[in-house]
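> Here you go, one structure.
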Amino acid sequence: MEVRIATLEDADDLFFLNALFENTTTIECLKKSLNENDREIVCIAFIDGVPVGFCSGLIVKSMCYSNPRADIEALFVREEYRCQGIGKALMQCLEKALIHCGIYHFHINTFADNINAQSLYKKLGFKRTGEILMDK
């Protein structure tokens, strides 16, 4: 397994994985984000050269907090590759990259019924908070 920070050369593989994750974007938007968004870090995983997963985190700086934090935006592993440590490796890659940027506080949301993700996050040291996520 190879897990590393994604580059612009990974755009096609990320676009493929992102479509499986059911997120909608264009290849142009994805490439632009990889090339220009210095607040986002994306990690990608391969097994035998096959793209199998990705995760992304956004660095958040606010006047409300003395230290920046990271919002983990997405973690996705192709279904046929799950339960092989790929999600954990992706999260560890992202966390290491964020710590290198001076970020030590991480925030992640998941669906209440996504027990597998919650289990992984707990194993990685995340704790459930009383926050409620709301969308508009």
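The values are calculated or read from the model by the stated rules, or taken from the named source; none is laboratory data. In this text, all values refer to a predicted model and were calculated from it rather than measured experimentally. These area figures cover heavy atoms from the full protein model, side chains too; ligands, DNA and RNA do not enter into them. Shrake-Rupley method; radii C 1.70, N 1.55, O 1.52, S 1.80 Å.
> Pop out the ³J(HN,Hα) list for segment 109-120 in order, Karplus 6.51 cos²θ - 1.76 cosθ + 1.60 with θ = phi - 60°, rounded to Hz; leave Gly and Pro as x.
Using θ = phi - 60°, the values come out as 10, 8, 6, 4, 8, 8, 5, 4, 5, 4, 4, 4 Hz.
> Just to check I understand the Karplus step: with θ = phi - 60° and J = 6.51 cos²θ - 1.76 cosθ + 1.60, what whole-Hz values come out for segment 82-92, glycine and proline as x?
Coupling constants for segment 82-92: 6, 6, 10, x, 5, x, 4, 5, 5, 5, 5 Hz.
> Now, a different point. Grab the DSSP H runs of the chain that are 4 residues or longer, score each as -39,500 (n - 2.57), total them, divide by all residues and round the 222 nm result to the nearest 500 deg cm²/dmol.
-10000 deg cm²/dmol
> Can I ask one more? If you roll a 1.4 Å probe over the chain with all protein chains in place, what percent of the accessible area is carbon or sulfur?
Carbon-and-sulfur percentage of accessible area, whole number: 52.
> For the chain, with a Gaussian network of springs between Cα atoms less than 10 Å apart, report the residue from GLU40, GLU73, GLU22 with the top mean-square fluctuation.
GLU22
> Taking springs between alpha-carbon atoms closer than 10 angstrom, which of VAL50, VAL42, VAL77 fluctuates most in the Gaussian network model of the chain?
Per the Cα network of the chain with a 10 Å cutoff, VAL50 tops the list.
> How large is ³J(HN,Hα), in whole Hz, for each residue of segment 39-53 in order, when computed from phi with the Karplus curve 6.51 cos²θ - 1.76 cosθ + 1.60 and θ = phi - 60°, using x for Gly and Pro?
9, 10, 10, 10, 10, 9, 10, 10, 10, 6, x, 8, x, 10, x
> I would also like to ask the following. May I ask you to work out the translational diffusion coefficient for the chain at 37 °C, viscosity 0.692 mPa s, via Stokes-Einstein with Rh from the Kirkwood sum over Cα pairs, reported in whole µm²/s?
Result for D is 211 µm²/s.
> Using only Cα atoms, locate the centre of segment 22-42 and the centre of segment 96-136, then give the distance between them in Å, rounded to an integer.
Measuring centre to centre over Cα atoms gives 21 Å.
> Considering only protein heavy atoms, what per residue accessible area in square angstrom results for segment 30-136 with a 1.4 angstrom probe?
Heavy-atom SASA per residue in segment 30-136 reads 68 Å².
> Quick one: which residues, 5 or more positions from VAL60 or on another chain, have an amide H under 5 Å from its amide H? H modelled 1.01 Å from N in the peptide plane, none for Pro or chain starts.
For VAL60, whose amide H was placed from the backbone, the distant partners under 5 Å are ARG69, ALA70, ASP71.
> Given the options LYS88, LYS123, LYS31, which has the most mean-square fluctuation in a GNM of the chain, springs set between C-alpha atoms less than 10 angstrom apart?
Largest GNM mean-square fluctuation: LYS123.
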